[in-house]
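Novice: Have a look at this one.
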Amino acid sequence: MEIKSIGIVGAGQMGNGIAHVCALAGYDVIMTDISQEALDSAVSLIDRNLGRQVGRGKITEDAKSEAMGRIRTTLKLADVGPTDLIIEAATERETVKTAIFEDLLPHLKPETILTSNTSSISITRLASRTDRPERFMGFHFMNPVPVMQLVELIRGIATDEPTFKACKGVVDRLGKTAATAEDFPAFIVNRILMPMINEAVYTLYEGVGSVESIDQSMKLGANHPMGPLELADFIGLDTCLAIMNVLHDGLADTKYRPCPLLTKYVEAGWLGRKTDRGFYDYRGEAPVPTR
């Protein structure tokens, strides 16, 4: 089937980025959230980010105006039901995602494809709670969506070939690159990335190095653009912990045990940039290590 309209559930960091790239690629986009404030903030951010692209000469002012004109918002989940493709980009909690899909089911077209932007949760399990496991896939964008080139496409055990081809066609039209991953905990990127971040937290926890020395070592010694603790703050420490728990529970291997210090930061509400404190304190003019 040809995808013309895309529904996005969740107007947060990932949802607004997905709306941005889909509208710019010519899709009609409708974005929903439980908060009008979140929707207004998302549209404002998309407008600013498109403006930056105009300023850099990446797109024209007309392309920006046309993209903004393709984005609608709604507080009613049912309003996204009639779209051709739905991308769920809500909180990384399985109970939340399952509830969203169950609430959507009565409002879907028979041919609507359902996808989740989950970074770690079983696609097969999410699909099994719907009426269309064959038309369900993982559609995992990287953050920040407008900048990052990769999209992981994850088939559940029941995903059929036309669904995969339709989603691959969307990735191609967005000008991004698809990596096909099997449906195992955390897929490819986070299966490799999160244990590295977790090990960096262990290195801090055991006193091998400070926040600054750990991040400097990986930036200057391994040529990483961001240090692992800086990156954890950018992703969100709650998200990092959630993915480590999925790996630990799903693979039953002690090498994926979340570092107690990571748990402690999350318990404190120090989740990184979004709360102004994590492994760095962002409340001043420049980030300051918290350990």
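No lab work stands behind these numbers, since they all come straight from the coordinates. For clarity, every value in this text was computed on a predicted model and none was experimentally measured. With ideal geometry, Cβ positions are generated from the backbone for all residues, glycine too; neighbour counts draw on all protein chains shown.
Novice: In region 1-34, which residues are over 18 Å from PRO82 (Cα atoms), in a helix (DSSP H, G or I) and among the hydrophobic types (A, V, I, L, M, F, W, C)?
Specialist: Across region 1-34, the qualifying residues are MET14, ILE18, VAL21, LEU24.
Novice: Against the conditions (1) in a helix (DSSP H, G or I); (2) under 18 Å from the mean Cα position of the chain (by Cα), where does GLU37 fall short? Just the number, please.
Specialist: (2)
Novice: Follow-up question, since we're still on this one. For region 237-258, does any single residue satisfy the condition of being aliphatic (A, V, I, L, M) and loosely packed, with under 15 Cβ neighbours inside 10 Å?
Specialist: For region 237-258, residues aliphatic (A, V, I, L, M) and loosely packed, with under 15 Cβ neighbours inside 10 Å: present.
Novice: Something else now. Can you name the residue in region 147-172 that is within 19 Å of the chain's Cα centre (by Cα) and among the charged types (D, E, K, R) and is also nearest to ILE59 (Cα to Cα) among such residues?
Specialist: ASP172
Novice: Oh, and also: Which one is surrounded by the fewest Cβ atoms within 10 Å (Cβ to Cβ), of the residues in region 41-75 that are in contact with a strand residue (DSSP E or B) (Cβ under 8 Å, 6 or more places away or on another chain) and assigned to a helix (DSSP H, G or I)?
Specialist: VAL43
Novice: Can you name every residue in region 170-188 that is surrounded by fewer than 17 Cβ atoms within 10 Å (Cβ to Cβ) and either of a type in the set (S, T, N, Q) or in a helix (DSSP H, G or I) (or both)?
Specialist: Within region 170-188, ASP172, ARG173, THR177, THR180 qualify.
Novice: What are the residue pairs meeting all of these: first residue in region 47-72, first residue without any contact (Cβ under 8 Å) to a residue 40 or more places away in the chain, second residue outside any helix (DSSP H, G or I), Cβ atoms under 8 Å, and 6 or more apart or on different chains?
Specialist: Here the result reads LEU50/ILE59; VAL54/THR60, each pair linking region 47-72 to a residue that is outside any helix (DSSP H, G or I).
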